[in-house]
Amino acid sequence: MAMTIPQFADPLILLLISPVVLAGLYFVRKGISKPLVISRVIILSFLIIALASPFTIGTSTVRDEAPHITVLSDQTMSMDLFNMDTGQKIFEALKSKTPTKQSQFAGIKSPIGDEVVTASENNNIVLVSDGNSNYGKDLSDAISFVSNTGTRVFAVKQAPVHNDASVEIESAKNLIVGNENVFNIVVRQAGNETGYKLDVEIDGKNVRSEDFVQQERTKVIPISATFSALGTHNVKATITPGSEDRFNLNNVFYKSVYVVPKPKIFAVTDDTTSPLFTIANSLYDVKTANSVPDNVSEFKALIIDNKGAAQLSADTLRTYVGGGGGLVVVGGDSAYDKGIYNNSPVEAILPIISRAAEYKGGNNLVVIMDASGSTAGEDPTTKLSFIGLIDANAMNIVQNVARDTSLGVVAFGGTTAQTDLLKMGNDANKDVLNQFINDIGPKGGDNPTDLDNGLRAAEKMLNSVSGTKEVIVLSDGMMPPDGFSQIEQTVKELVNADIKIHFVQILLSYQAIKEPNKLYDDLAKAANGEAIVLNPDERASTLIENKPGESPAPTPAPTPEVNYEFPLTAVDSNHFITKYVNLTASVTGYNDVTPKLGADRLVATTRGKPILTTWGFGLGRVASFTTDNGGGLTMWAPAVYSGENSRLISGMINWAIGDPRPGEGVVIQADDIWAGTPGKVVVTSNTLPQVQLDKTSLDLSRTGPATYETTINPENDGFHDLSGYGIAVNYPLEYRDVGFNENLITAIESNGGRVYDEKEIESLLLVDIKEKAVRTVSEPESMKEPFLLAALILFLLEVIIRRMKDYRKERPVIEENPQRAAAPVGEPVAGGEAVQ
């Protein structure tokens, strides 16, 4: 164990050691005993160190028997759907039992994250809210922040007493003439069922009128439209509920779009018959060549199709993208890891590193621990126990899993206990998991091996996330026949849900030939694998480094064989490119790359290999699409370029383009706004522009050589004109998200809190808070005593040594009679006596 170096409250006092040492040297030169001087110098130095008040920072665990609680009650307008007295009732129930205060916030905005941070002066917050934060600090970030400072956040999940439905239109603001555009009509409800009539108008003409019965909380209804005329176009969606609807103002939504000519893009490709080129050529004004021209400033985006690094001018690309251009680099058998991109100047512009990404357990991993009665077994020779070895393996996985993995632990045996999925990039989360594992143990021989409950708990945990999903089961392998068929069926259901399961059997003593228990191995085979058997000195962390039957990927990694298919999944489904894209395609090959720090991985294979990665570079945008163009000799990804999946390709290029409008003249940029929230207007012009809102001139502030800005806040909902550029104003944002936000549960439970139903809040809340009211406190611990004790011991030793020397000097020496000593035995000496 490393020694802790003390700190000093009064470090300047240590300077007194120097004159003490100098004085010691002086006395040695004067002839004073050198050991005595050294002893006194050391003693005085120890006393000076003690006088400087040395200390270390120690940690101690404190349990608060009367925890302080703040009941934070949301009284904003959206909470009108719930019982507004719930917060007051909780406060009244708690204030007589423990120190409790109440805090409320109200209005037309919901700054819930800000309020959580403000209320964190107490150690526990009970949040009574719908969780729909729309202003200020992100709520999840706020909960994580206060949790790291020792504050626990709890919440109440209320059932709405009223239902309400809201409507919203989602689409890009600037559209391209002649291209098919999709307007996503998003209808949200607070309850579980509502009926309504939907009417959609485009430029005053009704294009959709249909009745719906909605049972999901959120429903997306796509409406396609193609515009042939340039300029502003207006879209309006109206819902007419047939049942209870608390608010009327959120039943109408306005969307103003601006249609522009087809933007110019440049494709560097040798294949003008590929699906990639076919899509691009149908949507944009495309020019092609087999190399990058020296001047590409006139183009809104560049598409690089399967080109090696040596074929590309890094300087041209860097200047173009840094100045605001868009870049899409498509893979293939001559690009990325196959095109010598690694450590090249071209790679510096891209959001990826062109070498294989290490795969260490995927994005989401659940470790299931067997804590049934049979794991209490112990080897009498080695004193090893099953549960001890299972704990060691689980902790080893926690320690070695990749930092971008979310990991949870489930323990089964009579009852089921579990953690939340926690990000392993946070060392504090590792400590939480290790503590949970350390506390797990068999309760006795009667605990059944209820693996089915453990698997179901893992399934529920993984259902709430997207990306790669894996489970590692750590057990002694003892499977009772009763209920085996149900466990096997559960395993098959999880496998069908794309959850990879590894079954690991722990041995109590070393065996040269490792054979799993038959029933346990049968479960592994139901998961399309084999049970892995580990001797006591082996650890299951090998599973998160190299899978059974796989070897480490070389660099560069070989492209998978064409007869394999790799399904794609959206890693981030809220990005502009992937939002509302129903991705069902698979690829048969890809370029093996690693996303850079700060890049956004949007699409990957279900095994975690990146396919679409983006980032910003200077003023521009870069997308790395690491599979091919869908044609040619490789034909890795034809499915991505067909049907609904092709929206991923158009979305990717549109994102890279950004604003498709030409940069000449006066260019106005302004998004539609929510009532009560000022909107920002940015105008680009080489001369001072004159901009009017509904024929009223606006005052502009110059913010750059050719940019001007102002803010607008129209009073009336509907469509407005901004010098020919349309703007829509809608109901306040507070009324868009209605009902309880289920994401609040994940945010709280992943940070150690809990969300309660209204029925259990009063009976369980205080009990849980007291159980969790254990915190680690850092306090200074004095280190004076060791130095004082050392000085005292050294002084006593010096005194004892000096006293012993003085005693020897003072003791009298008795000399014998020389004659008596020399006389032979039996002969008389002087005095007449004989020597006997």
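The values are calculated or read from the model by the stated rules, or taken from the named source; none is laboratory data. Worth saying up front: this structure is predicted, and the values here are computed from it rather than measured. We place every Cβ from the backbone using ideal geometry, glycine too, and count neighbours over all the protein chains shown. Surface areas here come from the heavy atoms of the whole protein model, side chains and all, with no ligands, DNA or RNA. Shrake-Rupley method; radii C 1.70, N 1.55, O 1.52, S 1.80 Å.
Just a few scattered comments:
- Any chance residue 393 is polar (S, T, N, Q), open to solvent by 70 Å² or more (accessible area, probe 1.4 Å) and modelled with pLDDT of 75 or more: no
- Residue among 572, 592 that is among the charged types (D, E, K, R) and within 18 Å of residue 336 (Cα to Cα): 592
- Scanning the range 463-478 for residues that are in contact with a helix residue (DSSP H, G or I) (Cβ under 8 Å, 6 or more places away or on another chain) and either open to solvent by 20 Å² or more (accessible area, probe 1.4 Å) or of a type in the set (Lys, Arg) (or both) turns up 464, 469, 478.
- Residue list for the range 309-330, restricted to those being in a loop (DSSP other than H, G, I, E, B) and open to solvent by less than 10 Å² (accessible area, probe 1.4 Å): 325
- Test: residue in the range 164-185 that is at pLDDT 95 or above, open to solvent by less than 20 Å² (accessible area, probe 1.4 Å), outside any strand (DSSP E or B) and in contact with a helix residue (DSSP H, G or I) (Cβ under 9 Å, 6 or more places away or on another chain): yes
- Taken over the range 186-205, the residue count meeting the criterion of being in contact with a strand residue (DSSP E or B) (Cβ under 6 Å, 6 or more places away or on another chain) and either assigned to a strand (DSSP E or B) or among the polar types (S, T, N, Q) (or both) is 13.
Results for (1) surrounded by 14 or more Cβ atoms within 10 Å (Cβ to Cβ); (2) modelled with pLDDT of 90 or more; (3) of a type in the set (Phe, Trp, Tyr), shown as yes or no for each residue.
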| site | (1), (2), (3) |
| --- | --- |
| 738 | yes, yes, no |
| 760 | no, no, no |
| 767 | no, no, no |
| 784 | yes, no, no |
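- Lone unmet requirement of (1) within 30 Å of residue 568 (Cβ to Cβ); (2) open to solvent by 30 Å² or more (accessible area, probe 1.4 Å) for residue 501: (2)
- Every residue from the range 582-607 that is under 19 Å from the mean Cα position of the chain (by Cα) and either within 21 Å of residue 425 (Cα to Cα) or not in a loop (DSSP other than H, G, I, E, B) (or both): 594, 595, 596, 597, 598, 599, 600, 601, 602, 603, 604, 607
Let's see how each residue does on (1) buried (at least 18 other Cβ atoms within 10 Å of the Cβ); (2) without any contact (Cβ under 8 Å) to a residue 40 or more places away in the chain; (3) touching a Ser or Thr at 6+ places or on another chain (Cβ under 9 Å):
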{"site": "222", "(1), (2), (3)": "no, no, no"}
{"site": "228", "(1), (2), (3)": "no, no, no"}
{"site": "253", "(1), (2), (3)": "yes, no, yes"}
{"site": "266", "(1), (2), (3)": "yes, yes, yes"}
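- Yes/no for residue 103 being open to solvent by 10 Å² or more (accessible area, probe 1.4 Å), within 20 Å of residue 147 (Cβ to Cβ) and not acidic (Asp, Glu): yes
- Applying the condition of being open to solvent by less than 20 Å² (accessible area, probe 1.4 Å) and of a type in the set (Gly, Ala, Ser) to the range 331-343 and asking which residue is farthest from residue 276 (Cα to Cα) yields 339.
- Hits in the range 694-726 (condition: assigned to a strand (DSSP E or B), open to solvent by 80 Å² or more (accessible area, probe 1.4 Å) and within 22 Å of residue 664 (Cβ to Cβ)): 702
- Among the residues of the range 607-630, just one is surrounded by fewer than 24 Cβ atoms within 10 Å (Cβ to Cβ) and without any contact (Cβ under 8 Å) to a residue 60 or more places away in the chain, namely 616.
- Residues that are surrounded by fewer than 24 Cβ atoms within 10 Å (Cβ to Cβ), within 25 Å of residue 570 (Cβ to Cβ) and in contact with a Lys or Arg (Cβ under 9 Å, 6 or more places away or on another chain) are absent from the range 506-513 altogether.
- Selection status of residue 491, in contact with a strand residue (DSSP E or B) (Cβ under 7 Å, 6 or more places away or on another chain), β-branched (Val, Ile, Thr), closer than 15 Å to residue 455 by Cβ and buried (at least 18 other Cβ atoms within 10 Å of the Cβ): yes
- Flag if residue 375 is surrounded by fewer than 21 Cβ atoms within 10 Å (Cβ to Cβ) and of a type in the set (S, T, N, Q): no
- Any hit, the range 662-673, residues being crowded, with 17+ Cβ neighbours inside 10 Å, touching a helix residue (DSSP H, G or I) at 6+ places or on another chain (Cβ under 7 Å) and not basic (Lys, Arg): no
- Count - residues of the range 200-214 that are under 40 Å from the mean Cα position of the chain (by Cα) and surrounded by 12 or more Cβ atoms within 10 Å (Cβ to Cβ): 3
- Within the range 1-48, being among the basic types (Lys, Arg) and either farther than 21 Å from residue 797 by Cα or touching a Ser or Thr at 6+ places or on another chain (Cβ under 6 Å) (or both) holds for 29, 30.
- In the range 601-617 there is no residue matching the filter, namely being among the aliphatic types (A, V, I, L, M) and modelled with pLDDT under 90.
- Qualifying residue in the range 117-132 (condition: under 16 Å from residue 744 (Cβ atoms), within 20 Å of the chain's Cα centre (by Cα), in contact (Cβ under 8 Å) with a residue 40 or more places away in the chain and open to solvent by less than 40 Å² (accessible area, probe 1.4 Å)): yes
- Some residue of the range 73-82 being open to solvent by 30 Å² or more (accessible area, probe 1.4 Å), part of a helix (DSSP H, G or I), under 26 Å from residue 246 (Cα atoms) and not hydrophobic (A, V, I, L, M, F, W, C): yes
- Screening 288, 272, 240 for residues that are open to solvent by 40 Å² or more (accessible area, probe 1.4 Å) and outside any strand (DSSP E or B) leaves exactly one candidate, 272.
- Breaking point among (1) over 36 Å from the mean Cα position of the chain (by Cα); (2) open to solvent by 10 Å² or more (accessible area, probe 1.4 Å); (3) under 30 Å from residue 723 (Cβ atoms), for residue 259: (2)
- On inspection, residue 683 qualifies as over 24 Å from residue 265 (Cβ atoms), without any contact (Cβ under 8 Å) to a residue 40 or more places away in the chain, within 41 Å of the chain's Cα centre (by Cα) and buried (at least 17 other Cβ atoms within 10 Å of the Cβ).
- Selection within the range 133-150 - surrounded by fewer than 23 Cβ atoms within 10 Å (Cβ to Cβ) and either of a type in the set (Phe, Trp, Tyr) or part of a loop (DSSP other than H, G, I, E, B) (or both): 134, 135, 136, 137, 138, 145, 149, 150
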